[in-house]
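Some notes on the structure that comes next.
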Amino acid sequence: MKNLALTLAMAALLAACSSGSTVSPLPSTTNSQFSGTYQNLNNTQSGTVRMDLVETDGDGTSAVSGNIIFTANGNNCLNNGQVTGTSNGFNISLTAPITRDEYTITTTITRSDNSASVSVRTSSTGTVGTVSRVNANGDSEQVVTQVASLSGNINIQLAISNNGNTLSGTYTTDGNVCSNQTGTGDMTLNRI
């Protein structure tokens, strides 16, 4: 009887071990520094991005906080800031406020025959106010600089892969900092 009981126990153990069941992978954490690239959808803004992230464990998800730093190849409507969000070990959702000042510079040139030309440009720098002068040729020039404070958020959705060493996905902005065309794109980062 003991042999029969032992044989049945061994058979059950063998069946359990060879049943073909799989074990789900454990989620990865993103406690680290990541560096990579970003590119907007209409290929007008790109550069490198760095994130320093810290996770705080929770129930099934983790709170994530840190910093995001952009280095642009030319113009860029995104700026450095603090990120917050959540991670479930397979995906990470982050939000960062973005604000910047944009200066509108209007130059009006009035010629001696009273004809005038007006040009308007925007700049990331400027001094608010009005400057009037008479040019060497007798034309009068007036330069008016105004500032608008722009604000919004960058919303980032990234998949965590490669044992937590790669973050890749999309970003989009809201508010008036970026247009729909410039404020949407892709980013890929790797653990440093």
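Please treat every number below as a calculation from the coordinates, not as lab data. Note that the structure is predicted; figures quoted are calculated from it, not measured. We place every Cβ from the backbone using ideal geometry, glycine too, and count neighbours over all the protein chains shown.
With a sphere of radius 15 Å drawn around the Cβ of residue 107, what net charge do the other residues whose Cβ falls strictly inside it have (Lys, Arg +1; Asp, Glu -1)? Residues close to residue 107 contribute a combined charge of +1. Below 12 angstrom from the Cβ of residue 37, what's the summed charge of the other residues (Lys, Arg +1; Asp, Glu -1)? Taking every other residue near residue 37 into account, the sum is 0. Residues within the reach of a label modelled at residue 144 (point 7 angstrom out along Cα to beta-carbon, backbone nitrogen below 17 Å), restricted to the stretch 90-115, are 103-111.
Taking 30 Å as R0, compute the FRET efficiency from the Cβ-Cβ separation of residue 151 and residue 35 and round it to 0.05.
On the way: r = 27 Å, r/R0 = 0.89.
For R0 = 30 Å, the calculated efficiency reads 0.65.
Pairs of alpha carbons in the stretch 31-71 separated by more than 16 Å make up 50% of all such pairs. Across all C-alpha atoms in the stretch 51-192, the radius of gyration and Dmax reach 22.2, 76 Å.
Scaling the Cα radius of gyration of the stretch 71-152 by the globular reference 2.2 N^0.38 Å produces a ratio of 1.76.
Per-residue Karplus couplings for the stretch 109-116, computed as 6.51 cos²θ - 1.76 cosθ + 1.60 with θ equal to phi - 60°, are listed in order as 10, 10, 8, 5, 8, 6, 7, 9 Hz, Gly and Pro entered as x.
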